[in-house]
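Notes for the one structure printed next.
Derivation of every value follows stated rules applied to the coordinates shown; laboratory data play no part. The structure presented is a predicted model; accordingly, all values stated were derived computationally and were not measured. Note that we place each Cβ from the backbone using ideal geometry, even for glycine, and neighbour counts take in every protein chain shown.
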Amino acid sequence: MNKSIHIFNKTLATSTLAAASLAAHGVPIEPGDYIPLPGGSFIGVGYYNYAHSEKLNVDGVGDIKNDTSLNLNSGLLRAVWYPKTSSLSYNLQMLMPFASVNSEVAGASASTNGVRAGDPMFGAVVWPLNDPQNGRYLGLASITSFPLGSYDRFRPVSVGRNTWTENLQAVFVQQFKSGWQLDVAGDVIFYGDNNDYGAAATGKTFSQKNTYQLQLWLSKQLTPATGAGIGYTIVKGGQQKVDGQPNGLRTDYQQVRLYASHFLNKTWQVLGEVNHAFATTGGFNQDFGLTLRVVKLFQ
């Protein structure tokens, strides 16, 4: 057997494949997400995401390409409430992810066998800077996932992590009179340990180091209802270990993103994004990604 295939088959036997974990890489933002709505507003958001990869990079092994692919279909339901307040702007959020994963590595297949529920998340955003007159906003967020999603340690792919994650996010938005807008987001993601991991009779301990993420968006409001923009994301860290030994996977990649959004009326917005990852280390390299989003505003 090829050495790289042998090494990864060993990894596959004790790995959930980080690409299947919806909380592993932090919460992506779209332009305008961190411009607060008036108190009393409520929004419902639905996301669909598709990701396709044909190459896996493993630390210490390199790229695995032959008979290797990943198809990830995922969704997210998000509810956001802005309480009425006379001073500080903030919101409260509930997020429910779900996904189906079909993957193959050097001919060894792994899947979730259909759609499975991910770990629910609860979060809040507070705006210490909310300056509509000058188009400047600073939002600070905390989003925590809880180990309530679908998890099976006897399968190489699970949507749930069987442990908590904590995503701390800071986002600065600057609007310009010309219609241009800059969004800058920084994240750090912390992971709890999963002490019931792998198919051995006694579960192993799966641990992951912190992930760090930077997101940049430059967008333009083309009309009062339509916007478009280009984005860049870099993700670092997230090395995975099983009983203290690295398994060759981490969260380390860069990504280019293009989006367009349109308000169908005052309360409905649709958004589409395509993206492509590169310089991936320790994970599937996402050749193509698609995001579709629908937002409904209630006031």
What whole-number distance in Å separates the alpha-carbon centres of the stretch 210-281 and the stretch 177-197?
9
Cα-based Rg and Dmax for the stretch 47-203, where Dmax is the largest Cα-Cα distance (Å)
19.8, 63
Count the net charge of all other residues whose Cβ sits under 11 Å from the Cβ of Asp183, scoring Lys and Arg as +1 and Asp and Glu as -1.
-2
Å³ per residue of the Cα convex hull, for the stretch 3-298?
116
Answer in debye to the nearest 20: the dipole magnitude of the chain about its Cα centre, from +1 Lys/Arg and -1 Asp/Glu charges placed on Cβ, is 300
Mind giving me the FRET efficiency for Asn113 and Ser86? R0 is 35 Å, r the Cβ-Cβ distance, nearest 0.05 is fine.
0.10
Binned at 10 Å starting from 0, the alpha-carbon pair-distance distribution of the stretch 148-280 in whole percents comes out as 11, 29, 28, 19, 10, 2, 0
With Gly75 itself left out, Lys, Arg at +1 and Asp, Glu at -1 over residues whose Cβ is under 13 Å from its Cβ give +3
Hz values of 3J(HN,Hα) by residue in the stretch 117-133 - Karplus curve (6.51, -1.76, 1.60), Gly and Pro given as x:
6, x, 7, x, 10, 10, x, 8, 10, 10, 10, x, 10, 9, 10, x, 4
Ala199-Asp152 pseudo-label distance in nm [points 7 Å out on the Cα-to-Cβ vector]:
1.2
Under a plain spin-label model, where a point goes 7 Å from the Cα along Cα-to-Cβ, how far apart in nm are Asp63 and Lys220?
3.4
Cα-projected label distance for Leu77 with Leu292, points at 7 Å along beta-carbon direction, nm
1.8
Find out how many positive minus negative residues lie around Gly139, taking Lys and Arg as positive, Asp and Glu as negative, among other residues whose Cβ is under 15 Å from that of Gly139.
-4
Proximal aspartates and glutamates to Lys65, defined as alpha-carbon separation beneath 16 angstrom and excluding residues fewer than eight positions away on the same chain:
Glu54, Glu104, Asp287
Apply the Karplus parameterisation 6.51 cos²θ - 1.76 cosθ + 1.60, with θ equal to phi minus 60°, to every residue of the stretch 203-220 and state each ³J(HN,Hα) to the nearest whole Hz, in sequence, with x for glycine and proline.
x, 8, 9, 9, 10, 8, 6, 4, 9, 10, 9, 10, 10, 10, 10, 10, 10, 9
Using bins 10 angstrom wide from zero, how does P(r) for the stretch 103-151 break down, in % of all Cα pairs?
19, 23, 22, 19, 13, 3
Quickly rank 186-193, 34-41 as a protection proxy: mean count of other C-beta atoms within 10 Å, highest first.
186-193, 34-41
Give me the dipole magnitude in Debye, nearest 20, for the stretch 169-299 about the Cα centre, with unit charges on the beta carbon: positive for Lys and Arg, negative for Asp and Glu.
400
Length gained, Asn210-Tyr48, 0.36 nm per residue minus C-alpha separation, equals 55.7 nm
Give me the angle, in degrees from 0 to 90, between the Cα long axis of helix 3-12 and the longest principal axis of the Cα atoms of the chain, rounded to the nearest 10.
60
Where does the chain land at 222 nm, in deg cm²/dmol rounded to the nearest 500, when only DSSP H runs of n ≥ 4 count, each adding -39500 (n - 2.57), divided by all residues?
-1000 deg cm²/dmol
